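These notes concern the structure reproduced below.
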Amino acid sequence: MDLRWLLGKLIPFSCLRVCWVRSSVPGQKWVSSFFSSKSLDCHALLLSFLLILCFNPSHSVELDPEDEASLLAFKSSLQDPNKNLSSWVGSNCSDWAGIACENKTGRVVSIKLTEMNLSGQINSGFCNLSFLEHLVLSQNNFSCSIPSCLGNLIRLRTVDLSRNRFRGVVPETLMKLENLEELVLVGNQDLGGPIPSWIGNFSTKLQKLDLGFNSFSGELPESLLNSTSLKHLDLQNNYLKGNVYDFHQPLVSLNLMSNRFSGTLPCFSACTRSLTVLNLANNSIFGGVPTCIASLRALVQLNLSSNHLTYKMSPRLLFAEQLLVLDLSNNDLYGPLPSMIVETIEKSGLVLLDLSHNRFSGGIPSKITELRSLQALFLSHNLLVGEIPARIGNLTYLQVIDLSYNYLSGSIPLNIVGCFQLLALILNNNNLSGEIQPELDALDSLKILDISNNMISGEVPLTLAGCKSLEIVDFSSNNLSGNLNDAITKWSNLRYLSLARNKFIGNLPSWLFAFEVIQLMDFSSNKFSGPIPDVNFNISSNFNSGDTSRPSNEAFATKEVVNFKVSTVVDVGSELQFNYDLSSAVGIDLSNNLLHGSIPEGLYSLEGLQYLNLSYNSLEGQVPGLEKMQSIRALDLSHNYLSGEIPGNISILEDLTLLDLSYNCFSGLVSEKQGFGRFPGAFAGNPDLCVESSGEGCRSSGIPTVPGKISDGETEGPISVWIFCLSAFVSFYFGTVSLLCSARARNYFLHTKA
């Protein structure tokens, strides 16, 4: 029975209004609700309809015996570890999971076995289901070839084999599926070869073709350019090459990203009123952005990022107000930023604007602050100068601002607090000055605050305690000063904190290690003094977890041990999803300060710590056993006054790749058996330390010493004095000869003598 017919008979559609409301169920954004416009009559009819449903038993459909045999043969060739097909018993079609039958005949018309962890071969008997119209086996583990006998199922309208491990090529027999409307093979990495030449004209009903994330190669078949019924074409993440030609049919969406296409951009003139999504990102397309692209009046998303586009942006390149996403990042575009993006700026619905990683110069146009719907603004890695527009706070929906790696000057505008939904404020590597405004506490949703590598001065305002959502904070390489206040303690979700290379003073606070999810803490190159607080080091889950799945040893090849990437995705409903990935070692860096006293033993017990740098301080005392530091990969305690013997158990730390204990006061014997040979130079500048070397016995580690220092008890013997005198004589001799060889010098001496 047709539910729509029944609903229309019992309840007149004039009585009903359908509204969409936000759902409280996780993962379900919207749900539909019915509201009555004629209260009593419509309510009575609705009650009658519900009563009929309650007393009408579910309809039983007898499964056709031949189709039942075909399904059981198909099941027998599968591995079903989750027992999802255990309901395939009996003859009632409605009891069979994922199977739908025609009511009168009992013939199978639909198979939808999605995300069931099925694997194995597809039995040839499966192709006897001659009435099958919809076949969906997506998100399983099939690793065979696509059965050629599928071409016999001529009633098929949908074939979805996506996100499996099908291999080989698309069988030629599929060209017999003249009624096919959707062919979805996305996400089968071993499925490839040239795209079949017939793919665009085998079915006059084909509307959707998705071959993305596979291994197809070669050029686009000409048939795809002329497929009159095709509306949605997705070939992303393959190995396709050649020019991108103009399509001759009114496509709705075209996604060719992450291939090897080249040439210049066509105008897509046949799609001026239909194309809503155009994604050609991550190819090798060159030339400029033609103004005819703006003639695509239905365009909602345009992504031309990561190509070789160049030249200036034409002032005539004005898009319709329907445009939500414009991404031209990672190209070679230059000249001033376009002052106008859309024709009617007050009607613009633009949500994301990404012009980063180009060579745009000049100032940031004030017109950008009139894009009131903007949620993400990426202008980083350009050559922009001038100040941040004072009216940036007009963008009240803004969630992400990234203006990093430019030459912007002036202070952070106070008006920015108007962006009260801001999640990420990234302004690093500019020429910004002034102080951190106390009013920034209004940004209570802020997760990322990066103002590093600027010239910002003053103290950290106590009011920043209001930014309770902060997770990544980077104030490094500025001119900040003063003592640390307790505002930082309110950032309970803190994962990364860097105050390095500033002018902070005073003792390290007792709350230093009180963050539960902290991953990296860098207070290096300041003027902190006093001891390292001996507190509870077991609060941080990252410091104590010993998780071996974190970044590899390569992270310690340079000082940069942290990287985070902000990404945003706009869904069909123009809602922006904000994400960031933090790639960082789990570490503590207190190096190059004025710290003294002993190192708390709790620091040596952190099982999850990968990076510990306490170098260039005045720390003293002995180093205890390090066997609990199971994840340590880089340990630098150099240039301190540590004493005692080298702990023998350092050699059992298998992940340790960088060890520096140089320029301390260690003593005793370092045996060759302890396995320190893989750390050359790790013990230099310890005059009382004897390092056993293969075939050479015990050698001192006192040379080279710290420049300008002589260790206690070290005296200059007669050989040293003789070497000094000889070097002084040689230097004087060669200096005099060189001077007299100069014509100007000789004339000067002769003139002076005369």
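Using θ = phi - 60° and the Karplus relation 6.51 cos²θ - 1.76 cosθ + 1.60, list the HN-Hα couplings for region 234-250 in order, rounded to whole Hz, with x at every Gly or Pro.
My calculation for region 234-250 gives 10, 10, 5, 6, 10, 10, 6, 9, x, 7, 8, 8, 6, 7, 9, 10, x Hz in order.
What accessible surface, in Å², does a 1.4 Å probe find on TRP198, ignoring ligands, DNA and RNA and rounding to the nearest 10?
20 Å²
Determine the dipole magnitude for region 391-464: charges of +1 sit on the beta-carbon of Lys and Arg, -1 on that of Asp and Glu, nothing else is charged, the reference point is the Cα centre, and the result goes in debye to the nearest 20. Write out the running numbers ahead of the final one.
Numbers: 2 positive and 7 negative charges, 45 e Å.
In debye, rounded to 20, region 391-464 gives about 220.
List the residues whose amide H sits under 5 Å from the amide H of LEU480, counting only those 5 or more places along or on another chain, with H placed 1.01 Å from N in the peptide plane.
LYS503
How about LYS468: which aspartates and glutamates have a C-alpha closer than 12 Å to its C-alpha, ignoring those fewer than 8 places off in the same chain?
Excluding near neighbours in sequence, the set is ASP441, ASP444.
Using θ = phi - 60° and the Karplus form 6.51 cos²θ - 1.76 cosθ + 1.60, what ³J(HN,Hα) does each residue of region 619-626 get, whole Hz, x for Gly and Pro?
6, 9, x, 9, 9, x, x, 10
Skipping prolines and chain starts, which residues have an amide H placed within reach, meaning under 5 Å, of the one on GLY668, given they are 5 or more residues away or on another chain?
Those lying under 5 Å, H to H, from GLY668 are CYS690.
What accessible surface, in Å², does a 1.4 Å probe find on THR657, ignoring ligands, DNA and RNA and rounding to the nearest 10?
We get 70 Å² for THR657.
Report the relative contact order of region 69-171, percent, no decimals, based on alpha-carbon pairs under 8 angstrom and at least 6 residues apart.
RCO, region 69-171: 24 percent.
Convert each backbone phi in region 107-117 into a coupling constant with the Karplus relation 6.51 cos²θ - 1.76 cosθ + 1.60 (shift: θ = phi - 60°), then list the ³J(HN,Hα) values in order as whole Hz, x for Gly and Pro.
Each residue of region 107-117 in turn: 6, 6, 10, 8, 10, 10, 10, 8, 6, 10, 6 Hz.
Order 244-256, 206-218 from most to least packed using the mean count of other Cβ atoms within 10 Å.
206-218, 244-256
Provide the solvent-accessible area of LYS527, counting protein heavy atoms only and rolling a 1.4 Å probe, rounded to the nearest 10 Å².
Its accessible surface works out to 120 Å², give or take rounding.
Taking the highest mean first, how do the peptides 632-638, 276-282 order by number of other beta carbon atoms within 10 angstrom per residue?
Going by the mean number of other Cβ atoms within 10 Å, highest first, we get 632-638, 276-282.
Whenever you get a sec, line up HIS596, HIS381, HIS639 from highest to lowest accessible area (probe 1.4 Å, protein heavy atoms).
HIS596, HIS381, HIS639
Less than 19 Å apart at the alpha-carbon level, and either on another chain or at least 8 residues along: which aspartates and glutamates does that give for LYS673?
Excluding near neighbours in sequence, the set is GLU627, GLU645, GLU654, ASP655, ASP660, GLU692, GLU696.
Sort MET521, MET257 from largest to smallest accessible area, using a 1.4 Å probe on the heavy atoms of the protein chains. Can you show the working numbers first?
On the way: MET521 0, MET257 45 Å².
Sorted descending by solvent-accessible area, the residues read MET257, MET521.
ARG167's amide H: which non-local residues (gap 5+, or another chain) put their own amide H closer than 5 Å, with H modeled 1.01 Å from N in plane and none for Pro or chain starts?
CYS144, SER145, ILE146
Give the aspartates and glutamates whose C-alpha is closer than 17 Å to that of LYS503, dropping any in the same chain fewer than 8 places away, or say none.
The qualifying aspartates and glutamates are GLU435, GLU459, ASP474, ASP522, ASP589.
Rank by packing, highest mean first: peptides 413-423, 322-332, with packing defined as the count of other Cβ atoms within 10 Å averaged across residues.
By packing density, highest mean first, the sequence is 322-332, 413-423.
The values are calculated or read from the model by the stated rules, or taken from the named source; none is laboratory data. Keep in mind it's a predicted model, so treat the numbers as computed, not measured. Please note: Cβ atoms are built from the backbone with ideal geometry, for glycine as well, and neighbour counts cover all protein chains shown. For the accessible areas, the whole protein counts, side chains as well, though only heavy atoms, and no ligand, DNA or RNA atoms are used. Shrake-Rupley method; radii C 1.70, N 1.55, O 1.52, S 1.80 Å.
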